[in-house]
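A.B. asks: Next up is a structure, given as structure tokens.
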Amino acid sequence: MSFTTLKINKEFLRAYGRGKSYVEPEIVVYILNNGLDTVRIGITTGKKIGCAVKRNRARRLINAAWRNCYPDLNAVGKDIVFVARTRILRKSGTEVEDTLRRVFKSAGILKSL
């Protein structure tokens, strides 16, 4: 199973509009079927998060948590968009990973271990 990244604004907007959202204090996750045989992810961090250093840290936290969760997912054919919220800066990498696992479990794409 492989994944690619979303880069076009229209793809993000489609996920926001038609995707199912899962809200947590640190992050909002949108999941949408894409009809492809791959997983596509996108990470967004708004200026509300803070300066570029803080936004990059938030992206790194989400990316690391995603890479740890990825092998345990059954997410082929999905677009997954992560939107960072300001509280993510106060969390560690393992806390963000736990949050993502909780979201993926409620979305029904986490494999039973």
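The values are calculated or read from the model by the stated rules, or taken from the named source; none is laboratory data. Every value quoted in this text rests on a predicted model; they were computed, and no experiment measured them. Reconstructed Cβ throughout: ideal geometry from the backbone, glycine too, with neighbour counts over all protein chains shown. Protein only, heavy atoms only, side chains kept; ligands, DNA and RNA dropped before computing areas. Shrake-Rupley method; radii C 1.70, N 1.55, O 1.52, S 1.80 Å.
A.B. asks: Restricting to the stretch 8-45, count the residues that are in a loop (DSSP other than H, G, I, E, B), open to solvent by 40 Å² or more (accessible area, probe 1.4 Å) and touching a residue at least 24 places away in the same chain (Cβ under 8 Å).
C.D. replies: Looking only at that region, the number is 4.
A.B. asks: Hey, could you check the stretch 46-65 for residues that are in contact (Cβ under 8 Å) with a residue 12 or more places away in the chain and β-branched (Val, Ile, Thr) and say which is nearest to Val103 (Cα to Cα)?
C.D. replies: Per the stated criteria, the residue is Ile62.
A.B. asks: Sticking with this one: From the list Leu32, Leu13, Leu6, Leu36, which residue is over 16 Å from Ile62 (Cβ atoms) and under 14 Å from the mean Cα position of the chain (by Cα)?
C.D. replies: Leu32
A.B. asks: Looking at the stretch 86-111, I want the residues that are closer than 14 Å to Ala65 by Cβ and of a type in the set (Lys, Arg) and have a partner that is open to solvent by less than 90 Å² (accessible area, probe 1.4 Å) and part of a helix (DSSP H, G or I) with Cβ atoms under 9 Å, at least 6 apart or on another chain. Which pairs are those?
C.D. replies: Lys91/Leu61; Lys91/Thr99; Arg101/Ala65; Arg101/Asn68; Arg101/Cys69; Arg101/Asp72
A.B. asks: Which one of the conditions (1) over 25 Å from Asn9 (Cα atoms); (2) of a type in the set (Ser, Thr, Tyr); (3) under 15 Å from the mean Cα position of the chain (by Cα) does Ser92 fail to meet, given that it meets all the rest?
C.D. replies: (3)
A.B. asks: Let me ask another. Considering the stretch 55-113 alone, what residues qualify as being under 19 Å from Thr5 (Cα atoms), part of a loop (DSSP other than H, G, I, E, B) and open to solvent by 30 Å² or more (accessible area, probe 1.4 Å)?
C.D. replies: Asn74, Val76
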